[in-house]
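Peer 1: Take a look at the following structure, please.
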Amino acid sequence: MKTNRRLPLAACLLMATLALGCAALSPVEETQALHQRVAQYMQAQVDGKWELAYSYLDPSSRAEMTRESYLKRPRNMPYRGFAVEEVRILPAGDRATVKVKIDVRFMSYDFKGAPQTQEWVREEGEWFVKAAQQQAPRHPFGSPQQQK
């Protein structure tokens with residue numbers, strides 16, 4: 001008889017634990033957590049705290065680019081401000097696309113709201129930004145091989 005009383009109690013405790021665990025992982029809270037992390041990363045760039053900004057790069061980006069090379073990168077367009085426009089976590093939950101509007105200064109001109117799309121990945125429960133890949137400049141008239 002005693003075990004019959006414990007079984008419903010155990011079931012209730014299990015359901016309460018599962019409900020609390022699921023609430024901690026709600027999509028809204030996850031989006032808010034990523035939004036906050038993006039804002040911290042962007043603020044580090046606005047403040048010129050490049051070592052801090054480097055710590056937000058995902059491990060694969062840090063493997064390709066040393067901290068020293070990241071710190072020595074030319075910064076021709078300093079960030080003056082930003083606004084996180086959209087945070088979209090993909091269904092798998094470990095990748096996200098973030099749209100940011102950035103205020104930059106270039107050659108004594110201020111440009112407000114320049115769009116930037118960032119790719120973020122979650123590794124070991126923490127969100128990291130993928131470094132933007134530097135692409136080789138394209139020839140305006142196609143590749144030189146195409147012109148022959």
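Peer 1: Excluding SER60 itself, calculate the net charge of residues whose Cβ lies under 15 Å from the Cβ of SER60, where each Lys or Arg counts +1 and each Asp or Glu counts -1.
Peer 2: -2
Peer 1: Also: Where does each of 64-71, 33-40 land if you order them by average Cβ count within 10 Å, highest first?
Peer 2: Packing order, densest peptide first, comes out as 33-40, 64-71.
Peer 1: Residue by residue through the range 110-122, what is 3J(HN,Hα) from phi via Karplus (6.51 cos²θ - 1.76 cosθ + 1.60, θ = phi - 60°)? Round to whole Hz and write x for glycine and proline.
Peer 2: Karplus values, whole Hz, x for Gly and Pro: 9, 10, 9, x, 5, x, 9, 10, 10, 9, 10, 10, 9.
Peer 1: How far apart, in nanometres, would the label points at ALA33 and GLU86 be if each is projected 7 angstrom from Cα along the Cα-to-Cβ direction?
Peer 2: 2.4
Peer 1: What does the charge add up to near VAL104, with Lys and Arg as +1, Asp and Glu as -1, over the other residues with Cβ less than 12 Å from its Cβ?
Peer 2: Neighbourhood net charge equals +3.
Peer 1: If you don't mind, another one. When each pair of different Cα atoms in the range 25-133 is counted once in the 1/r mean, what is the Kirkwood radius in angstroms, to one decimal?
Peer 2: Roughly 14.5 Å, rounded to one decimal.
Peer 1: Could I ask something else about it? Just rank SER26, SER61, SER108, fewest to most, by other beta-carbon atoms within 10 angstrom.
Peer 2: Fewest to most other Cβ atoms nearby, the residues stand as SER108, SER26, SER61.
Bear in mind that the values in this text are calculations on the coordinates, not laboratory data. Note that the structure is a prediction, hence the values are computed from the model and not measured. Quick reminder, even Gly has a Cβ in these numbers, built from the backbone with ideal geometry, and neighbours come from all protein chains shown.
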